[in-house]
Amino acid sequence: MKISGAWITQPGTQALCATLERAGHKALFVGGCVRNAVLGVPVTDIDLATDATPETVSALAETAGFRAIPTGVDHGTVTVIADGIAHEVTTFRRDLATDGRHATVAYTGDIAADAARRDFTMNALYADRNGSVIDPIGGLPDLLARQVRFVGNPEARITEDYLRILRFFRFHAHFGDPSAGIDAEGLAACATLSAGIETLSKERIGAEMRKLLAADDPAPAVASMAAAGVLAHVLPGADTRALAPLVDLEPPGRAHWLCRLAVLGGENVAEALRLSRAEATRLAKIREMIGATHGPAPIGFLFGAALGQDALLARAAVLESPLPADWQDELARGAAMTFPVRAADLIDQYQGPALGARLSELKNRWLASDLRLTRAQLLA
């Protein structure tokens, strides 16, 4: 099989490969770029594998006029900027020891050994600079069948890095065939070793959950996480029942991982996933509106069109209630409106705390009227 695409023929990319090859080294595309090219989905990152050491890669790159950055040199990775494009160049490696979070590696010239330490068979594919695919461990059939399977023994791969449990579900959500179901052997290993997730940093867990929930339809994968006991280690108290309805309700092109997180619920979510302050605030507002009685227009006024849409979708999914036929128009109406009463309208009758209380009372009346009451009616 051969892969193609504008990303592989870029002059800088081809020049970098040629630089390594002229020095007698291998230069092979690997991992996500090969996987995505085979599936015909966009390639966003370019990873290269080589038998050259990081020091050699840096020296050759700089001699050729490229910029070499030692972004992960302790693990064998150098980022090479060629024609403004970043390439992660990693030396072939084999594992010496692991502790479930980090691995001690040794460099190798053996591509099969490098492939054997990767997580999933669909990520253990390589391609030369002409696009010819190299498949050391037979991962291509799995990729074409859209079957996410661990390389070798699933439990061995997981104990090398427990984050692979979450990656297993994330990759299934993005690349798996829903009709074929999730790999049973991999699922069993994730269930057995799920407690290892608690050894991971919250930042790593949060990053994986963001990516998982951003899939077109993460509901089947998240349901499998819950069934295997994995979700309980990530988000204690989470409930998956509203996730599939939410995905069904989402308008085309409007999928927000944070809204999906809101309907899952759970305890101390912001802390468990290390959400930013802005993310935590947005999450709290969505969850607050799930139990509110305001219609689409007041929600649009209170939260704006984007956040208001998330709140309405989340409420409909959790409460299993239909959205009004005109909910998007009403949301936009509310988002465009301004409360018609100002403090100056009341200053002759109210001062200090009394003025604030009267404004609040009138705003609540206005919201309860579906934003229909006019200034004159409110002041009458």
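The values are calculated or read from the model by the stated rules, or taken from the named source; none is laboratory data. What you are looking at is a predicted structure, and each value in this text was computed from that prediction instead of being measured. All Cβ positions, even for glycine, are placed from backbone atoms using ideal geometry, and neighbour counts span all protein chains on display.
Observations on the structure shown:
- Any hit, segment 106-114, residues being buried (at least 21 other Cβ atoms within 10 Å of the Cβ), within 24 Å of Ile165 (Cα to Cα) and modelled with pLDDT under 95: yes
- A single member of Gly300, Gly304 is within 29 Å of Lys363 (Cβ to Cβ), in contact with a Leu (Cβ under 6 Å, 6 or more places away or on another chain) and free of Cβ contacts under 8 Å to residues at least 40 places away in the same chain, and it is Gly300.
- Here Tyr350 fulfils each of the conditions (1) at pLDDT below 95; (2) closer than 23 Å to Leu313 by Cβ; (3) surrounded by 13 or more Cβ atoms within 10 Å (Cβ to Cβ) apart from (2).
- Candidate set: segment 330-349, residues that are farther than 21 Å from Leu302 by Cα and among the aliphatic types (A, V, I, L, M); chosen: the one nearest to the chain's Cα centre (by Cα): Ala344
- For the criterion of being at pLDDT 95 or above and either surrounded by 15 or more Cβ atoms within 10 Å (Cβ to Cβ) or not hydrophobic (A, V, I, L, M, F, W, C) (or both), Phe66 passes.
- Comparison of Leu307, Leu367, Leu379, Leu359 shows that the only residue that is hydrophobic (A, V, I, L, M, F, W, C), in contact with a His (Cβ under 7 Å, 6 or more places away or on another chain) and more than 30 Å from Glu198 (Cβ to Cβ) is Leu367.
- Within segment 321-331, considering residues that are touching a helix residue (DSSP H, G or I) at 6+ places or on another chain (Cβ under 6 Å) and aliphatic (A, V, I, L, M), the one modelled with the lowest pLDDT: Leu323
- So Arg94, is it basic (Lys, Arg) and either in a loop (DSSP other than H, G, I, E, B) or out of contact with any Lys or Arg (no Cβ under 7 Å at 6 or more places or on another chain) (or both): no
- The residue that is modelled with the highest pLDDT, counting only those in segment 162-186 that are hydrophobic (A, V, I, L, M, F, W, C) and exposed (fewer than 13 other Cβ atoms within 10 Å of the Cβ), is Ala184.
- Residue list for segment 252-278, filter: touching a residue at least 12 places away in the same chain (Cβ under 8 Å) and closer than 12 Å to Asp216 by Cα: Arg254, Ala255, His256, Trp257, Arg260
- Applying the criterion of at least 3 residues that are over 30 Å from Val247 (Cβ atoms) to the helices (runs of 4 or more DSSP H) found wholly in segment 288-380 leaves 352-368, 375-379.
Let's see how each residue does on (1) surrounded by fewer than 18 Cβ atoms within 10 Å (Cβ to Cβ); (2) closer than 14 Å to Tyr126 by Cα; (3) in contact with a strand residue (DSSP E or B) (Cβ under 8 Å, 6 or more places away or on another chain); (4) not assigned by TED's automatic domain parsing to the domain that holds Gly139:
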| site | (1), (2), (3), (4) |
| --- | --- |
| Gly24 | yes, no, no, no |
| Asp51 | no, yes, yes, no |
| Thr56 | yes, no, no, no |
| Asp74 | yes, no, no, no |
| Val78 | no, no, yes, no |
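- Hey, Ala343 out of contact with any strand residue (DSSP E or B) (no Cβ under 9 Å at 6 or more places or on another chain) and either polar (S, T, N, Q) or assigned by TED's automatic domain parsing to the domain that holds Gly266 (or both) or not: no
- Of residues in segment 26-49 being under 29 Å from the mean Cα position of the chain (by Cα) and among the charged types (D, E, K, R), the one surrounded by the most Cβ atoms within 10 Å (Cβ to Cβ): Arg35
- Members of segment 350-380 that are out of contact with any helix residue (DSSP H, G or I) (no Cβ under 9 Å at 6 or more places or on another chain), farther than 22 Å from Gly300 by Cα and among the small types (Gly, Ala, Ser): Gly352, Ala354, Ala357, Ala376, Ala380
- Segment 187-210: number of residues that are surrounded by fewer than 16 Cβ atoms within 10 Å (Cβ to Cβ), of a type in the set (A, V, I, L, M) and within 15 Å of Leu231 (Cβ to Cβ): 2
- Those strands (runs of 3 or more DSSP E) of segment 1-90 in which at least 1 residues are touching a residue at least 60 places away in the same chain (Cβ under 8 Å), considering only elements entirely within it, cover 28-30, 46-50, 77-82.
Quick grid of which residues meet (1) in contact (Cβ under 8 Å) with a residue 12 or more places away in the chain; (2) in the same structural domain as Gly265 (by TED's automatic domain parsing); (3) closer than 17 Å to Asp119 by Cα:
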site: Ala156; (1), (2), (3): no, no, yes
site: Leu163; (1), (2), (3): yes, no, yes
site: Arg167; (1), (2), (3): yes, no, yes
site: Ile182; (1), (2), (3): yes, no, yes
site: Leu187; (1), (2), (3): yes, no, yes
site: Glu198; (1), (2), (3): yes, no, no
site: Ala207; (1), (2), (3): no, no, no
site: Ser224; (1), (2), (3): yes, no, no
